[in-house]
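Here the structure comes first, spelled out in C-alpha cells, and everything after it is commentary.
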Amino acid sequence: MSRVGKKPIPMPEEVKVEIKPNNQVVVTGPKGSLFRAIHPAIQVRMEDNQIVVERSSNSKFHRSLHGLSRMLIANMITGVISEFKKTLTLSGIGYKAESTGKLLNLSVGYSHPIVFSPPQGIQIKVENPTKIVVSGIDKELVGMVAAKIRSFRPPEPYRGKGIKYEDEVVRRKAGKTAT
C-alpha cells in the first residue's frame, strides 16, 4: 500500500470539499476555488471530516495513481488556505524585471525586452529589479509559470548569468585556460 496514499487528508474548518460524480473534486476556501478530475480507478470519499483516497486494484498503474491523487487533493486544500510561491532571481549585468500592470517586462540580454502575460489566477510581483515572486493557489500552475519565466534565460554554468530559482545552486564550470 502506498504510504502517502493511505494517509487520510485532514479537513480544515474554512475549507469546503465537494466530491461530484465521476470523481470530480471541487475545493473551496478563503483564497478561491479549485477543480480537478481524478482518475476513475481511484475512489475519493469523505469520512469523519477527512478525505480518504483508495485504489481499485493493486496493479502498478493504480499504485502509481494512488499517492499522486492524494497529494493533488492535499495541495488543492493547502492552496485555497495559503498561496504557493516561487521566487526567481536574475543575475547578470543589465538583467532586470519590471511589472507594468499585470504584465512582466524582462530585460535579460536580448536585443528586445520580453513581455510575459501571466495566466488567470497567477500573480507576479517584482520585489526589486532582480527578484520576481510568482504566487497563486494552484501549485502546478505556479510551478509551470515559474519554469516558463526561467526558460527565457536559464542560468549558464560559466558566468552564472540568467534567471534561476532562489534556492537553486548553479554548478559552475571552469573556463578556458591559456597556456
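The values are calculated or read from the model by the stated rules, or taken from the named source; none is laboratory data. Note that the structure is a prediction, hence the values are computed from the model and not measured. Heads up, the Cβs are rebuilt from the backbone with ideal geometry, glycines too, and the neighbour counts pull from every protein chain shown. Note: accessible area is taken over every heavy atom of the protein model, side chains too, but ligands, DNA and RNA are not part of it. Shrake-Rupley method; radii C 1.70, N 1.55, O 1.52, S 1.80 Å.
Per 0.36 nm of contour for each residue apart, how much would the distance between S64 and N22 grow if the chain were fully extended, relative to their Cα-Cα spacing?
Numbers: separation 42, 0.36 × 42 = 15.12 nm, distance 1.96 nm.
In short, 13.2 nm is gained.
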Expressed as an acute angle from 0 to 90° and rounded to the nearest 10, what is the orientation of the C-alpha long axis of helix 60-81 relative to the principal long axis of the chain?
-> 70
For the chain, just say rounded, prolate or oblate: build the C-alpha gyration tensor, square-root its eigenvalues into a ≥ b ≥ c, call rounded for a/c under 1.5, and beyond that prolate if a/b exceeds b/c, oblate if not.
-> prolate
Dipole moment magnitude, nearest 20 debye, region 33-179 about Cα centre, only Lys, Arg, Asp, Glu C-beta charged | 740
Rounded to the nearest Å, what's the spacing between the alpha carbon centres of region 102-176 and region 1-23? Just the number, please.
-> 33
If the chain between T100 and R3 were fully extended at 0.36 nm per residue, the gain over the current Cα-Cα distance would be 30.4 nm
Where does helix 139-151 land angle-wise versus the long Cα axis of the chain, in degrees 0 to 90, nearest 10?
-> 20
Expressed in square angstrom to the nearest 10, the accessible area of M76 with a 1.4 Å probe stands at 10
How much solvent-accessible surface does E156 expose, in Å² to the nearest 10, with a 1.4 Å probe and all protein chains in place?
-> 50
Measuring from the lowest to the highest alpha carbon on each principal axis, how far does region 87-151 reach, largest first, in angstroms?
-> 33, 20, 20
Share of carbon and sulfur in the accessible heavy-atom surface of the chain [1.4 Å probe, %] = 52
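How high is the FRET efficiency between Y110 and E140 when r is their beta carbon distance and R₀ equals 30 Å, given to the nearest 0.05? Present the calculation step by step, with values, prior to reporting the outcome.
On the way: r = 28 Å, r/R0 = 0.95.
Taking R0 as 30 Å, the efficiency between Y110 and E140 is 0.60.
Starting from the residue with the highest accessible area, list T87, T28 in decreasing order, probe 1.4 Å. Display every interim value, and only then the final one.
Details: T87 30, T28 55 Å².
Ranking T87, T28 by accessible area, largest first, yields T28, T87.
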Express the accessible area of region 1-139 per residue in Å², computed with a 1.4 Å probe while the remaining protein chains stay in the model.
-> 57
How much of Y110 can a 1.4 Å solvent probe reach, expressed as accessible area in Å² and rounded to 10?
-> 100
